[in-house]
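Peer 1: This structure is in structure tokens; I'll ask about it shortly.
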Amino acid sequence: MIERRKMERIHLIHYLRMFNREDGSLIGNLVDITGEGVQFISEKPFVKDTVLPVRMDFPEEFMGKDHLEFTTEIKWSIVDQNPDLFANGSRLVTVNDEDANIIKALIEMYQDSP
């Protein structure tokens, strides 16, 4: 796969759970994040260009919030290293200003981690 990412991804130590905002179903677990997109692992593949309304829960409050909300568009979906799972890359489509600032803070916090 050709690398098209412009921003370095930040790999997370704690996988954050991503849910569909409309029906509450589990989408998957966030693996890494940039200001432009997210990668997550799921039990099912997602079709390219699918738009997902996401709520991402934090294990504990971060910057006064217990979750983020955004909309993301699937750009690719492949079988993960674990063949029972799928790795999915997506582009952030909409995110409000407050949640965008929280994403930036998450990136800054983990960027300095070893």
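The values are calculated or read from the model by the stated rules, or taken from the named source; none is laboratory data. In this text, all values refer to a predicted model and were calculated from it rather than measured experimentally. As a convention, Cβ positions derive from the backbone with ideal geometry for all residues, glycine included, and neighbour counts pool all protein chains shown.
Peer 1: Among the numbered criteria (1) touching a residue at least 40 places away in the same chain (Cβ under 8 Å); (2) surrounded by 15 or more Cβ atoms within 10 Å (Cβ to Cβ), which single criterion is violated by Arg55?
Peer 2: Going through the list (1) touching a residue at least 40 places away in the same chain (Cβ under 8 Å); (2) surrounded by 15 or more Cβ atoms within 10 Å (Cβ to Cβ), Arg55 breaks only (1).
Peer 1: Does region 55-97 hold any residues that are of a type in the set (Gly, Ala, Ser) and part of a strand (DSSP E or B), and which are they? Let's see the steps before the verdict.
Peer 2: Taking region 55-97 and keeping what is of a type in the set (Gly, Ala, Ser), we get 64, 77, 87, 89-90.
Passing the criteria: Ser77, Ala87, Gly89, Ser90.
Peer 1: Residues being among the small types (Gly, Ala, Ser) and in contact with a Ser or Thr (Cβ under 9 Å, 6 or more places away or on another chain): count how many of those fall in region 38-84. Explain how you work it out, then say what you get.
Peer 2: The first filter runs over region 38-84 and keeps only residues among the small types (Gly, Ala, Ser), leaving 42, 64, 77.
With in contact with a Ser or Thr (Cβ under 9 Å, 6 or more places away or on another chain) added as a condition, the list becomes 42, 77.
Final tally of qualifying residues: 2.
Peer 1: For residues that are within 19 Å of Lys48 (Cβ to Cβ), aliphatic (A, V, I, L, M) and touching a residue at least 40 places away in the same chain (Cβ under 8 Å), tally how many sit in region 58-114. So that I can check it myself, show each step before the final result.
Peer 2: Applying the first criterion (within 19 Å of Lys48 (Cβ to Cβ)) to region 58-114 yields 70-80, 85-94.
The next check asks that each one be aliphatic (A, V, I, L, M); those that pass are 74, 78-79, 85, 87, 92-93.
Next, only the ones that are touching a residue at least 40 places away in the same chain (Cβ under 8 Å) stay: 78, 85, 87, 92-93.
Residues meeting the conditions: 5.
Peer 1: Checking Lys48 against (1) in contact with a strand residue (DSSP E or B) (Cβ under 7 Å, 6 or more places away or on another chain); (2) assigned to a loop (DSSP other than H, G, I, E, B); (3) modelled with pLDDT under 95, which test does it fail?
Peer 2: (3)
Peer 1: To continue, here is another question. Filter region 89-104 down to the residues that are of a type in the set (Gly, Ala, Ser) and either at pLDDT 95 or above or within 15 Å of Leu30 (Cβ to Cβ) (or both), then identify the one that is surrounded by the most Cβ atoms within 10 Å (Cβ to Cβ).
Peer 2: Taking region 89-104 and keeping what is of a type in the set (Gly, Ala, Ser), we get 89-90, 100.
Filter again for either at pLDDT 95 or above or within 15 Å of Leu30 (Cβ to Cβ) (or both), leaving 89-90.
On the way: Gly89: 22, Ser90: 26.
The residue in question is Ser90.
Peer 1: Out of Phe19, Phe62, Phe86, report the one residue that is more than 10 Å from the chain's Cα centre (by Cα), surrounded by 12 or more Cβ atoms within 10 Å (Cβ to Cβ) and within 19 Å of Asn101 (Cα to Cα). Before the answer, list the steps.
Peer 2: Numbers: Phe19 fails: within 19 Å of Asn101 (Cα to Cα); Phe86 fails: within 19 Å of Asn101 (Cα to Cα).
Matching residue, one of Phe19, Phe62, Phe86: Phe62.
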